[in-house]
Ligand code: 16G
C-alpha cells in the first residue's frame with residue numbers, strides 16, 4: 001500500500017489509504033484505528049510520519065481523537081445542497097434521521113436596528129427571538145437563532161418552535177417561503193456554543209446567516225446559525241456561463 005519509491009510523501013500515501021478504507025466502508029464510523037506505533041511497525045515508517053497522516057485526517061474531519069483512548073473514525077459529514085430551501089426538520093427527515101430541538105430562548109423583543117433592517121420592519125417593532133439547538137438522532141448539529149416579525153407570523157409558541165417553524169408558517173398561516181439569501185463564514189466555536197454542540201471550544205464551525213422571503217418579497221425570517229464543521233459540508237452545482 002505504501003511505496004517509498006514514489007515521489008509522493010509517505011504520510012500522504014498512508015492518509016490516502018486510510019481515507020480509502022473509510023470511504024469504502026472497511027473502516028466504519030466509531031471504529032478504533034491502530035496506534036501510531038502499530039502503523040509505524042506495519043509499514044516500517046517513523047511514528048512521526050504515521051502521526052502526520054493521522055493528523056491530516058483528524059484535521060479534515062475523517063478521524064477524531066479521544067484523550068487516552070486513541071483515534072476513531074468520525075461520522076460522515078452531511079452534505080447539504082445549497083440549492084432549494086429546506087427546513088431543518090425536512091432536511092433531517094429526508095435523510096432518515098429524527099429531528100429534534102432544544103429550546104434555549106423564546107421571547108418577543110423590540111427589534112434593534114440590526115434586526116429591523118434585514119426584516120424591513122420598524123425599529124422596535126415586535127420580533128420573536130428564538131434560539132434552538134437543532135439535533136439529528138439526538139446529536140447536536142447546529143444552534144440557530146431566528147428573528148421573525150411578530151406582526152407577520154402570528155401565534156408562534158414554544159410548542160410550535162419545538163417542532164417546525166416552516167411547517168407552521170406554511171400549513172397554518174399559508175405563508176410560503178420562496179427565496180432566501182444566505183452567507184456562510186468559517187469560524188471557531190465560542191465556549192458556550194461548544195458546550196451546546198458537544199464539541200471543543202475553538203473547534204471549527206460555520207456561521208450561516210439567512211434572510212428568507214415570502215412570495216411577495218416580504219422578509220419572513222432573519223436567521224443566524226452556527227453549524228458544526230465536523231458534521232456538515234455544503235455542496236453546490238455550478239455551471240459556467242455561456
Ligand atoms: C433551517 C434554516 C433556517 C430555518 C429552519 C427552519 C439553514 C441554514 N437554516 O435550519 O433558516 O429557520 O431551517 O426549521 O438551512 P424548522 O422548520 O425545522 O423549524
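The values are calculated or read from the model by the stated rules, or taken from the named source; none is laboratory data. Small disclaimer: the values here were computed from a predicted structure and weren't measured. Neighbour counts run over all protein chains shown; Cβ positions are idealised from the backbone, glycine included.
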Inset, instruction - Read through the list (1) at pLDDT 95 or above; (2) closer than 30 Å to residue 26 by Cβ, then give the number of the only condition that residue 96 fails. - result: (1)
Legend entry - Positions within region 139-160 being touching a strand residue (DSSP E or B) at 6+ places or on another chain (Cβ under 7 Å), within 23 Å of residue 193 (Cα to Cα) and surrounded by fewer than 20 Cβ atoms within 10 Å (Cβ to Cβ), in sequence order: 140, 145, 158
Legend entry - Residue among 226, 218, 181 that alone is farther than 21 Å from residue 58 by Cα, at pLDDT 95 or above, assigned by TED's automatic domain parsing to the domain that holds residue 122 and within 12 Å of the ligand (Cβ to nearest atom): 181
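Helices (runs of 4 or more DSSP H) wholly in region 60-175 with at least 2 residues that are within 12 Å of the ligand (Cβ to nearest atom) - which ones? Working first, answer last.
On the way: elements: 88-94, 113-119, 158-163.
Because the criterion is at least 2 residues that are within 12 Å of the ligand (Cβ to nearest atom), the helices (runs of 4 or more DSSP H) in region 60-175 that meet it are 88-94, 158-163.
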Legend entry - Boolean, residue 50 is on the phi < 0 side of the Ramachandran plot and in contact with a strand residue (DSSP E or B) (Cβ under 6 Å, 6 or more places away or on another chain): no
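Condition check ((1) surrounded by 12 or more Cβ atoms within 10 Å (Cβ to Cβ); (2) farther than 21 Å from residue 104 by Cα) across all residues:
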residue: 183; (1), (2): no, yes
residue: 186; (1), (2): no, yes
residue: 215; (1), (2): no, yes
residue: 219; (1), (2): yes, yes
residue: 222; (1), (2): yes, no
Inset, instruction - Taking residue 201 as the residue in question, decide whether it is touching a helix residue (DSSP H, G or I) at 6+ places or on another chain (Cβ under 6 Å) and either away from the ligand (no atom under 12 Å from the Cβ) or in a strand (DSSP E or B) (or both). - result: yes
Inset, instruction - Search region 86-99 for residues that are in contact (Cβ under 8 Å) with a residue 40 or more places away in the chain and pair each with any residue that is more than 7 Å from the ligand (Cβ to nearest atom) and assigned to a loop (DSSP other than H, G, I, E, B) when their beta-carbon atoms are under 8 Å apart and the residues are at least 6 apart or on different chains. - result: 92/98; 97/137; 98/137; 98/138
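Could you please find all residues in region 63-88 being touching a strand residue (DSSP E or B) at 6+ places or on another chain (Cβ under 7 Å) and closer than 17 Å to residue 234 by Cα? I'd like the intermediate steps shown before the answer.
Quick first cut of region 63-88, residues touching a strand residue (DSSP E or B) at 6+ places or on another chain (Cβ under 7 Å) only: 63-66, 70-74, 77-82, 85, 88.
Result: 77, 78, 79, 80, 81, 82, 85, 88.
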